[in-house]
1. Outside any helix (DSSP H, G or I), modelled with pLDDT under 85 and open to solvent by 50 Å² or more (accessible area, probe 1.4 Å) - does that describe any residue in the stretch 241-252?
2. Residues that are in contact (Cβ under 8 Å) with a residue 24 or more places away in the chain, surrounded by 19 or more Cβ atoms within 10 Å (Cβ to Cβ) and not hydrophobic (A, V, I, L, M, F, W, C): does the stretch 665-681 have at least one?
3. Need the failing condition index for W19 against (1) under 19 Å from P106 (Cα atoms); (2) free of Cβ contacts under 8 Å to residues at least 24 places away in the same chain, just the number.
4. Filter the stretch 323-355 down to the residues that are over 19 Å from K214 (Cβ atoms), of a type outside the set (D, E) and modelled with pLDDT under 85 and list them by number.
5. Would you please name the residue that is nearest to S690 (Cα to Cα), looking only at residues in the stretch 400-450 that are without any contact (Cβ under 8 Å) to a residue 40 or more places away in the chain and surrounded by 17 or more Cβ atoms within 10 Å (Cβ to Cβ)?
6. State which residue pairs qualify: first residue closer than 16 Å to I599 by Cβ and modelled with pLDDT of 90 or more and inside the stretch 550-579, second residue assigned to a helix (DSSP H, G or I) and open to solvent by 50 Å² or more (accessible area, probe 1.4 Å) in any location, beta carbons under 8 Å apart, and separation of 6 or more residues or different chains.
7. Inside the stretch 371-410, can you point out the residues that are assigned to a helix (DSSP H, G or I), of a type in the set (G, A, S) and over 20 Å from G470 (Cα atoms)?
8. Of all the strands (runs of 3 or more DSSP E) wholly in the stretch 1-120, which have at least 2 residues that are among the aromatic types (F, W, Y)?
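The values are calculated or read from the model by the stated rules, or taken from the named source; none is laboratory data. Note that the structure is predicted; figures quoted are calculated from it, not measured. Neighbour counts run over all protein chains shown; Cβ positions are idealised from the backbone, glycine included. The protein model used for the area step is the full one, side chains on, heavy atoms only, and it has no ligands, DNA or RNA in it. Shrake-Rupley method; radii C 1.70, N 1.55, O 1.52, S 1.80 Å.
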Amino acid sequence: MTDAALARPDLDGLLESVWLVEAQGLTVCWVNRAASVLMGGVPPEAVLGRPVTDWAASPEDMIFWSTVQPDADPGLWSETLLRRPDGTVLPVERRVSLTRLPDGAPAYLVAMLDRSREQRAAHEFEQLVAELRATLDSTADGMLVCDLRGEVRAFNRRFSQIWAVPESLHLHRDDSALHAHLQASVLDPDHYLRRLDELASSPDLEATDTLLLKNGQVLERSCVTQISRGRAVGRVYSFRDITDQVAAQAELRRAAKVFECSLDAIFIATAADVLTAVNPAFVRQVQPGVLPGASSTLPAGSERWVGRDVTDLFEDPADIRLMDRIRQTLELQGFWEGEVSLRRDDGSLCPVHLSWVQLHDEISGVRQSIGFFRDLTEQQAARRRIEQLAYSDALTGLPNRLMLSQRVDFALNIARRQTCSFAVLFLDLDRFKNINDSLGHQFGDRVLIQVADRIRTCLREVDTLCRLGGDEFVLYLHDVDAAGAESVATRVQEALSRPFLQDEMNFSIGCSIGVAMYPGDGDTLDELIKQADTAMYEVKGAGRGHVRFYRPQMNVDMLSRMKLETALRMAVENQAFRLHYQPQLHLASGRLIGAEALIRWSDPERGSVSPGQFIPLAEESGLIVQIGAWVLAEAVRQATVWWREGLPVQVSINVSALQFRQPDFVERVAQVLAQAGLPAGLLELELTESILVQDADEVLQRLRALAGLGVHLAIDDFGTGYSSLAYLKKFPISKLKIDQSFVRGLPGDESDVAIVAAMIGLARALKLSVIAEGVETEAQRATLQQLGCDEYQGFLCSPGVPPERFTVFLAGGGAAVA
């Protein structure tokens, strides 16, 4: 039957939700506008034809609809729950009655009213009543009302007086400041916090305990639980000042439970410092053989201490006037705390933290004093452990620079007297950053531990291995000459060259080592480390993986490097770079298919500086981000010029890992393209393999965003990094670039031929195009074509040329520009 046939104008205007449910199939056949609103504003079409049980949210409703008789009037009127299409559940009042459809078929008329507002109001009213009841029950003393999270609901004037709450906390509510004020006011803040944690962990717990304040006050704290709908919703704390009463024996008995059960040792003494009571924890502290357990009002062993002088318990071997100073502070301030030594029953001394407070009476003056102390043995052991860690590396357990400095200072004193030599080696792992970036820092940390273990096996007991931090190590070789130092360095390199196995992954690690000798290269540890570090950087600059001894000329080279970095920074500020463009050709047809943008820098003093010299420096210093941004903008600008002149060509630029990791990289690419008006398909970004395995999910998201712009993506220098077929298959990459190190050996090197053939086969399987770089001879080009390579670039066609010459190349249809 159609909706029009079922339409009921008299029901459609009701505020109640009205549903018509076919008795035979129990499917909804008509709803009014109020029902659509009740269901969260969904259109009637989303409800019609669906079983009425789809909207049932309780077992009772499911039973009702499964047992209702088609011709019987259920006459149901109840409160129930309605499940809405978005999954939320709404409390409703419901009536179900039998009716007839226009064709005479039986149906159920279901009317519902939303009762969520009434239910919520009832809940809030009940909670308010509970709060008011608890407040009224506690108004005789200082009262503080908190919810289960500790947030303050209210406190009365008497509470403010007892705790001396600052006026600012009356004017502006600040729960954290109020709780901090309470904690700072008590004699034992740690115990106060522990007790609050105990109460918080047991919402139904009702308790009474005693608080000692630093001003000499003693408070009785009572805690009752706020109950609403049968469950705890908060706590009401009442505070009574019992300072005067604590002096009396009756009040001491009232506090006996807390006194007896405290984990801290507590003693009570007269004004003359004579002990009148001690708790079981006190006995256990001064008598180590006494085990914790149930105790009577007078714990076993306590009678030995009652009547003795407190001053006989504590001492400071370094301060014979300790007790005199404590008494003086108690007289002036009424409170003393600090670290002292407890003289135990067996004569041993135990470090403790003592807190001692005098209880004052306004009429008679000082009545008595209360002190408590806790064992600091474990804390001091932890402190010694911290001091130990101060001399060692937390990750590897190796000595750190502080320990190394002490050992070398000792060796220097001996060497000066005996005229002997020793060596300092500075070791840096090669490309360890790639491991951290691609496999994670936790993986890298475990590798560093293995590295440290291997290096240790190459040293003698008298030598010292130190980790400075990161992947840098310093080795002190005792009483060796240059030949001995070189021998140890060689053993270390051989040990590290053996494959490592971590998480079922085999890999190798190289290292660069610089050596400085005493006394020829320096008279102090700092000088020797500096010279060894300089020698190590010489190794890095010469290709890594070697050992080099320090030479004075190296400082000159280091200074030259610093000057180069300064000049590079100025070049970045002045945008003193320019781009050359190298053609990329189709191998089979020779047709121009693109151009790679190559950065060039001509310094006023140095002339033309090779990218191989300044790009690594830019990556180390972080300047590569600014340089990369300039290259992106300039390459897009030039590509736009060619495109507008009717000479469209796809321009490729290299993207560094650091530049790609910038949070706004995708937005920057989109902005540069939009500002220039260049079609995104004319821009290709060449990414290194290390980028693709750093954070797979984030990288995938960025690559998809770039591909969504229409930008082409290629993997640069393929085969030289950490490859993963899973990433290649998943990422929106369209091209692989074969590194020139593999092209250089073609066609004579069989290994290079096999590697290139494998790369091309892999690209074919993944439906990617392949381009080879560094093609310089016709034989190389022919071999690549024979192996199925798609494109190439290199000096065989043309080196990188200025944009003016490349424009001529474009206009000439790809004529050689070399």
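1. no
2. No, the stretch 665-681 contains no residue that is in contact (Cβ under 8 Å) with a residue 24 or more places away in the chain, surrounded by 19 or more Cβ atoms within 10 Å (Cβ to Cβ) and not hydrophobic (A, V, I, L, M, F, W, C).
3. Unmet condition: (2).
4. Once the filter is applied, which keeps residues that are over 19 Å from K214 (Cβ atoms), of a type outside the set (D, E) and modelled with pLDDT under 85, the stretch 323-355 yields M323, G347.
5. Here the answer is N436.
6. Close Cβ pairs (under 8 Å, with a partner that is assigned to a helix (DSSP H, G or I) and open to solvent by 50 Å² or more (accessible area, probe 1.4 Å)) amount to V572/Q626; A576/M570.
7. Passing the criteria: A381, A382.
8. Per the criteria, no element qualifies.
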